[in-house]
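Some notes on the structure that comes next.
The values are calculated or read from the model by the stated rules, or taken from the named source; none is laboratory data. Predicted, not measured: the structure shown is a model, and the values here were computed from it. The protein model used for the area step is the full one, side chains on, heavy atoms only, and it has no ligands, DNA or RNA in it. Shrake-Rupley method; radii C 1.70, N 1.55, O 1.52, S 1.80 Å.
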Amino acid sequence: MKRTLFALALVAGALVVSSGRAYAHHSFAATYFEDKTQKIEGNLVQFLYRNPHSFVHVEAPDEKGMMQRWAVEWGAGGQLGRQGVTRETLKPGDHVIIVGNPGRNPEDHRLRMVNITRPSDGWKWGGTFD
């Protein structure tokens with residue numbers, strides 16, 4: 001009986017800890033200013049189509065005109081796939097315009113994706129993700 005109660009307590013504790021981590025993972029407000037947007041325009045360097053979040057890396061100027069490598073956080077691969085985005089959608093060298101929520105530390109050159117446009121063919125994605 002004591003073993004069963006101990007095992008149940010251990011499982012319950014593990015569930016509480018794991019659910020807390022999953023919820024905390026989605027606190028974008030800790031990393032990004034959700035009430036602000038910033039626009040960058042430049043060339044895609046890398047597209048990481050993965051879970052839990054995809055990223056695009058773009059060479060684009062900052063507010064001072066200095067070229068920077070921006071890390072733009074996007075939705076999970078599975079979620080983007082349901083919206084028609086595949087790992088082949090974006091290629092290095094694509095010229096893109098991105099609007100996103102800026103990171104809280106400007107030195108990091110990070111954005112959370114709000115929308116992206118590829119002017120060469122008019123491809124656009126706009127939406128939100130949780």
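Brief remarks on what is shown
- Inverse of mean 1/r across different Cα pairs in segment 40-123, Kirkwood, Å: 12.9
- Alpha carbon centroid spacing (whole Å) that separates segment 41-67 from segment 88-118: 5
- Per residue, the accessible area of segment 35-130 comes to 54 Å² when a 1.4 Å probe rolls over the protein heavy atoms.
- A full extension of the chain between R82 and W123 corresponds to an added length of 13.1 nm, given 0.36 nm per residue minus the alpha carbon distance.
- Gain on full stretching of the segment that runs from E41 to D108 - 0.36 nm per residue minus C-alpha separation: 22.4 nm
- Whether segment 28-74 is rounded, prolate or oblate, judged on the alpha carbon gyration tensor where a/c under 1.5 counts as rounded: oblate
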